[in-house]
Every structure is written in structure tokens, then in C-alpha cells.
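Participant: Take this structure, written in C-alpha cells, and hold onto it; I'll ask about it next.
The values are calculated or read from the model by the stated rules, or taken from the named source; none is laboratory data. This one's a predicted model, so the numbers in the text were calculated from it and none came from an experiment. Neighbour counts are summed over all protein chains in view; Cβ atoms, including those assigned to glycine, are modelled from backbone coordinates with ideal geometry.
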Amino acid sequence: MSILDLDVIKSFVRVCDDGYSEGWHERNGGNLSYRMTNEEVEACKPYFTYDRPWVNMGVQADNLKNEYFMVTGTGKFFRNTILDPAANICIVEINDAGDSYRIVWGLVNGGGPTSEFPTHFMNHSVRVAATDGKCRVIYHAHPVNIIALTFVLPLTSEAFSKVLWQSMTECPIIFPNGVGVVEWMIPGGAEIAHRTCELLKTYDAVVWAHHGLFVSGDTFDNAYGLMHTIEKSAEIYCRILSLGQPIRQTISDEGLVDVAAAYGQTLNKDLLK
Ligand code: 13P
Ligand code: ZN
């Protein structure tokens, strides 16, 4: 028995590998974090060590004190994760104050959690509050088509949500709250973390202009599925634009509201104005 046999690690690595196969993770692009359950932490504890230092994150969250996160390493390639999980990902423990982490497993050849960990951490805090503790996954990727749209659409939630909802019928059911959009900013710091968090109070996913997409979810499947759905819808819209023809017909605003309602969802109508 090894820690690598545990389902939680296998599921985490599968997301990394599938995302790489989709072309969303060139080089070290993208990052993934997962808030572990108590049972998963107990199962992993025999493999933990406590000799690495506490590191202050520059952000703080009361509702994440003493939690454990599985996280991709900064500068590590998603492509390599499946070959050697222990060298490319880690588990971090959050301290009593909710402002620092220490690595308790993984990154055996050195390194730290993703440079976007302040953003992931604050995103978890907001989504845990917004979902009554259900949210466990924050996933950041660099999908081609959603990034391409940030060069041609207005950088507003209204513009992006409507185009994505209209381009594939399932979209209003899968992300009825719409998507947020952050204008171009320097990644990796507290400022972009706070900006993203403000939007995640309302939206399940946030587009970073000229950079990529952040999604949240209660399970790996749902977070991955949201990334996949948004990117596929963006791809369809990019194909439509590349046809160079006027759009003759699309789904009406009423249709978007109705399809969400037919599947028990309430569309965020504020974005249709
Ligand atoms: P990391 O290698 O630090 O995770 O950074 C990758 C990335 O996508 C930054 O936004
Ligand atoms: Zn990135």
C-alpha cells in the first residue's frame, strides 16, 4: 500500500492528465487544488511529515483554518503529474490562524504549491461560504478558445455569459449563474486573488482576460466538466466567428431562461439586460 493507491490522489492526477490531453496545460500552465475531507486526511496522515516550514500566504480565511489541500506544484508540468505524482503535487496543511501553509507530503524534489495558491485559497474560502461547504475543487487552465474570445468580446460578465449560453444548449443548465470576467492583471498575487473572489461570490467560473479560466466545483467531475463545457461552448462560438457569415439565428433570451427552468435551474437574468 502506498499513498498513491488512494482514490483521492488518483482522481486528482486524472484531472491533471485529462486537462493536459485537452491541450489546456502547456508547459507549467494551469493549477489545481482540492480541499480534502477528514476521512481522506486520516488515510493520508501516515505518509505526512512535519519538518517543512510554515509559509505566510499574504491572504487569510477564517473558514479554512486547519484544512488540508492537495495542490499542484509551481513550475511543475501537468504532463508529468501522472508519471510521478509525488514530485509534482503536494498536500499542504493550513495553520490555526488561517494565513499560512506548510507542505506535509509531496514535492519530493523541492518546490512549493502553485504561485496562484493565494487565489485558490481565497476562492475556496468564498465558494465554501457560497455553497454551504460543498465546494472542494478550484481548477485553473489555459484553454485556447476562451482565451481567444477575451480579445474580441467586451470584458463583461454579460457579454461572455450570453455568448457561452447561446452557443450550446446545455450551458444555461450547467452554469445558470453565468461567468465572471477579470480584466488583464498580473497573475500570482493577492490583488488578482481578491478580484477573482469578488466575482466567485456570484459566478461558478471566472475568465481571466488573455490568460485563462478559473472554475469551482463540489467534485473533480463537476469542476472538470465545467471547464470542459465552457471551453467547448467558446470553441463553437469561435468556429461561428471564423465562418465569416452573419449569424442568422440563435437561442432567444426567453429560450435561455426556459431551458434552465426546464431542468430546475434559475438563469441569472440580470446578465440578459
Ligand atoms: P504555476 O506553475 O505557479 O502553477 O503557474 C501556472 C499558471 O498558470 C499561472 O497562472
Ligand atoms: Zn495561468
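Participant: Would you confirm whether or not segment 66-74 contains a residue that is farther than 16 Å from G112 by Cα, surrounded by fewer than 17 Cβ atoms within 10 Å (Cβ to Cβ) and away from ligand 2 (no atom under 16 Å from the Cβ)?
Facilitator: Yes, segment 66-74 has at least one match.
Participant: Name the one entry in A205, A141 that is more than 23 Å from K269 (Cα to Cα) and within 16 Å of ligand 1 (Cβ to nearest atom).
Facilitator: A141
Participant: Sticking with this one: Filtering segment 100-136 down to residues that are surrounded by fewer than 19 Cβ atoms within 10 Å (Cβ to Cβ) and closer than 21 Å to N56 by Cβ, which residue is farthest from the chain's Cα centre (by Cα)?
Facilitator: Only one residue fits best here, namely G110.
Participant: Of E235, E183, E170, E158, which residue is under 28 Å from A61 (Cα atoms) and surrounded by fewer than 22 Cβ atoms within 10 Å (Cβ to Cβ)?
Facilitator: The conditions single out E183.
Participant: Run down I146, I173, I192 and say which single residue is within 15 Å of ligand 2 (Cβ to nearest atom) and at pLDDT 95 or above.
Facilitator: Exactly one of I146, I173, I192 is within 15 Å of ligand 2 (Cβ to nearest atom) and at pLDDT 95 or above, namely I146.
Participant: Looking at segment 208-232, which of its residues are in a strand (DSSP E or B), away from ligand 1 (no atom under 13 Å from the Cβ) and among the small types (G, A, S)?
Facilitator: Within segment 208-232, S216, G217 meet the criteria.
Participant: I would also like to ask the following. Residues being among the small types (G, A, S) and in a strand (DSSP E or B): count how many of those fall in segment 100-141.
Facilitator: Qualifying residue count, segment 100-141: 3.
Matching residues to (1) touching a strand residue (DSSP E or B) at 6+ places or on another chain (Cβ under 6 Å); (2) closer than 19 Å to D7 by Cβ:
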position: V41; (1), (2): yes, yes
position: F48; (1), (2): yes, yes
position: G58; (1), (2): no, no
position: V71; (1), (2): yes, yes
position: F78; (1), (2): no, no
position: E93; (1), (2): yes, no
position: Y101; (1), (2): yes, no
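Participant: Taking only pairs six or more apart or across chains, which ones have beta-carbon atoms under 8 Å, a first residue in segment 186-211 that is without any contact (Cβ under 8 Å) to a residue 24 or more places away in the chain, and a second residue that is within 13 Å of ligand 1 (Cβ to nearest atom) and part of a loop (DSSP other than H, G, I, E, B)?
Facilitator: What qualifies is E191/M185; R195/M185.
Participant: Of these, N28, N56, N66, which one is in contact with a helix residue (DSSP H, G or I) (Cβ under 9 Å, 6 or more places away or on another chain), closer than 27 Å to A190 by Cα and modelled with pLDDT of 95 or more?
Facilitator: N28
Participant: Another question, if that's okay. Before we move on, is E158 more than 28 Å from I236 (Cα to Cα) and either part of a helix (DSSP H, G or I) or in contact (Cβ under 8 Å) with a residue 24 or more places away in the chain (or both)?
Facilitator: Judged against the criteria, E158 is not a match.
Participant: With N56, N38, N63, N31 as the choices, which residue is surrounded by 20 or more Cβ atoms within 10 Å (Cβ to Cβ) and under 28 Å from T131 (Cα atoms)?
Facilitator: N31
Participant: Please pick out the residue among G188, G244, G178 that is surrounded by 24 or more Cβ atoms within 10 Å (Cβ to Cβ) and either acidic (D, E) or at positive phi (or both).
Facilitator: Among G188, G244, G178, only G178 is surrounded by 24 or more Cβ atoms within 10 Å (Cβ to Cβ) and either acidic (D, E) or at positive phi (or both).
Participant: Another question about this same structure. Scanning for something of a type outside the set (A, V, I, L, M), more than 16 Å from ligand 1 (Cβ to nearest atom) and either part of a loop (DSSP other than H, G, I, E, B) or farther than 25 Å from G133 by Cα (or both), does segment 70-82 turn up at least one residue?
Facilitator: Among the residues of segment 70-82, not one is of a type outside the set (A, V, I, L, M), more than 16 Å from ligand 1 (Cβ to nearest atom) and either part of a loop (DSSP other than H, G, I, E, B) or farther than 25 Å from G133 by Cα (or both), which makes the answer no.
Participant: Among the residues that make up segment 47-68, is at least one of them in contact with an Asp or Glu (Cβ under 9 Å, 6 or more places away or on another chain), over 14 Å from F121 (Cβ atoms) and assigned to a helix (DSSP H, G or I)?
Facilitator: Scanning segment 47-68 turns up no residue that is in contact with an Asp or Glu (Cβ under 9 Å, 6 or more places away or on another chain), over 14 Å from F121 (Cβ atoms) and assigned to a helix (DSSP H, G or I).
Participant: While we're looking at this one, here's another question. Given (1) under 21 Å from G19 (Cβ atoms); (2) buried (at least 19 other Cβ atoms within 10 Å of the Cβ); (3) in contact (Cβ under 8 Å) with a residue 24 or more places away in the chain, where does C90 come up short, assuming only one miss?
Facilitator: Looking at each condition in turn, C90 falls short on (3).
Participant: I'd like the residue in segment 171-195 that is of a type outside the set (A, V, I, L, M, F, W, C), within 27 Å of V257 (Cβ to Cβ) and not in a loop (DSSP other than H, G, I, E, B) and, out of all such residues, is farthest from the chain's Cα centre (by Cα).
Facilitator: Taking the candidates together, the pick is P172.
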